[in-house]
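Data block below; observations after.
Just so it is clear, none of the values below were taken in a lab; they were calculated from the coordinates. Every value quoted in this text rests on a predicted model; they were computed, and no experiment measured them. Using ideal geometry, Cβ is built from the backbone for each residue, glycine included, and neighbour counts are taken over all protein chains shown.
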Amino acid sequence: MTEKEKMLAGLVYDATTPELIEELQTTRGVLYEFNSLHPSETQRMKEILKSLFGRVGDDLFIINQPFRCDYGKQISIGKRFFANFNFTVLDEAPVTIGDDCFIGPNVSIYTACHSTDPVERNTRQEWAKPVTIGHNVWIGGSVTILPGVTIGDNVTIGAGSVVTRDIPSNTVAVGNPCKVVKNMKTQKL
């Protein structure tokens, strides 16, 4: 397997391989163009993002500048998506975002994983775990979503939360670590 194939399969891979470095550089060039556009050039912004992402929903979607990601092709966005300023996605594994999702400013989604052992970490070997966000989700400002997390449908994640584990559908969750504080069916926990 190539290092990219290992990365996409969730296996340990060498993040410094020339193929991956070249892809990262290409994506940075595309993002430089996107982030340099005048804010009124929304049609060109959409064209760039559609070419960058693996999948984009049919209806209107907007990502306010600046936006950052590693590869882009592992990102799938549903219909009527909105992300505010400073949205960052490390998409070494798939990042899937459903329809009608709203992302606040300074939100980060991470799929890349690194060893906690400094000797192993310094080999630049890493792995990745996918992140999935359901439909009708609102992610508040300055939220961090860690690798391997699934957020269900109809969820609100409170500002400043660090999402370290799965969040079930129909809930409100907040905190560090992020925990469910309200179930929309029973109203309170």
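Seen from residue 102, the other residues with C-beta closer than 13 Å to its C-beta sum to a net charge of 0, counting Lys and Arg as +1 and Asp and Glu as -1.
For the chain, the gyration tensor built on C-alpha atoms gives an oblate shape. Its axis ratio a/c (a ≥ b ≥ c) is at least 1.5, and a/b is not larger than b/c. Electrostatic bookkeeping for residue 148 treats Lys and Arg as +1 and Asp and Glu as -1; over the other residues with beta carbon under 10 Å from its beta carbon, the sum is +1. Label point of residue 68 set 7 angstrom out along Cα-Cβ; within region 100-122, amide nitrogens under 13 Å from it belong to 106-110. Between residue 108 and residue 154, residue separation times 0.36 nm minus the direct Cα-Cα distance comes to 14.6 nm. When you restrict to C-alpha pairs under 8 Å that are six or more residues apart and normalise by the size of the chain, the relative contact order lands at 14 percent. Note on the chain: antiparallel DSSP beta bridges, both residues inside, total approximately 20 percent of the bridges counted. Here the calculated FRET efficiency for residue 25 and residue 1, from their Cβ-Cβ distance with R0 = 22 Å, stands at 0.50, rounded to the nearest 0.05.
Using the Cα gyration tensor of region 117-179, with a ≥ b ≥ c the square roots of its eigenvalues, what is the shape: rounded (a/c below 1.5), prolate (a/b larger than b/c) or oblate (neither)? Verdict is prolate for region 117-179.
Using C-alpha pairs below 8 Å separated by at least 6 residues, the relative contact order for region 94-180 is 26 percent.
Note on residue 58 and residue 142: with the Förster distance fixed at 22 Å, the Cβ-Cβ geometry gives a FRET efficiency of about 0.15. Charge tally for residue 23 (other residues, Cβ to Cβ under 12 Å; Lys, Arg +1; Asp, Glu -1): -3.
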